[in-house]
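The values are calculated or read from the model by the stated rules, or taken from the named source; none is laboratory data. Model, not experiment: these values are computed from the prediction. Cβ atoms come from the backbone with ideal geometry, glycine included; neighbour counts cover every protein chain shown. Areas reflect the complete protein model, heavy atoms only, side chains present, ligands, DNA and RNA absent. Shrake-Rupley method; radii C 1.70, N 1.55, O 1.52, S 1.80 Å.
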Amino acid sequence: MSRPWKITAALLAAGCAAEVARRRWRGDRVARARRELDVRDRVLREEAPETLDLRHEAHRLRELGDAAGALEVHARMLAARTDALGADHPHVLITRFNHAGHVWEAGDEAGALSAYEEVLADMVRVLGEDHPDTRWTRNVLTIRRGKAEGADHP
């Protein structure tokens, strides 16, 4: 075999190996995505069906300016989610964070700050210090504390 053909054969072999690696890498990503979707589907099946309706109702009331009504509906949704998924489930922790926001919007700043502190402690315990949800909760708590104390925050 002449030198140009050897080079061509080597390049072809390298290209084939790269394609095999690329397909394997893509297959891993697809499999990982399917596993994640399976987990999300399972979580949604575990939740009570009315939680989605409650979520939409709370959002609608909030948009209409009925903070007290939204808080009451959101509290029912939080209870249903906690019953379905357990208190330490990440979706329940996010729902608790959102509930603290509803408490804040309803005018109970002290209650909201207390709720933020409680959910932050649980997020640190369950998700860890460096999880994005934990960092976001810590940031919101800092901003809301500043607003409650009268500091000028954006």
Calculate, for LEU52 and ALA87, the FRET efficiency according to 1/(1 + (r/R0)^6) with r their C-beta to C-beta distance and R0 35 Å; round to the nearest 0.05. 0.95
Using r as the Cβ-Cβ distance of GLU118 and ARG35, and R0 as 35 Å, what FRET efficiency do you calculate, to the nearest 0.05? 0.65
Full-extension gain between ALA68 and ALA110, please, as 0.36 nm times their residue separation minus the C-alpha to C-alpha distance. 13.6 nm
So, in nm, how far is label ILE7 from label ARG138 when the simple model puts each one 7 Å beyond its Cα toward the Cβ? 5.7 nm
Write down the accessible area per residue of region 65-146 in Å², having rolled a 1.4 Å probe over the full set of protein chains. 47 Å²
So the label point goes 7 Å from the Cα of ALA75 along Cα→C-beta, right? Which residues of region 104-129 then have their backbone N under 13 Å from it? 104, 106-108, 111-112
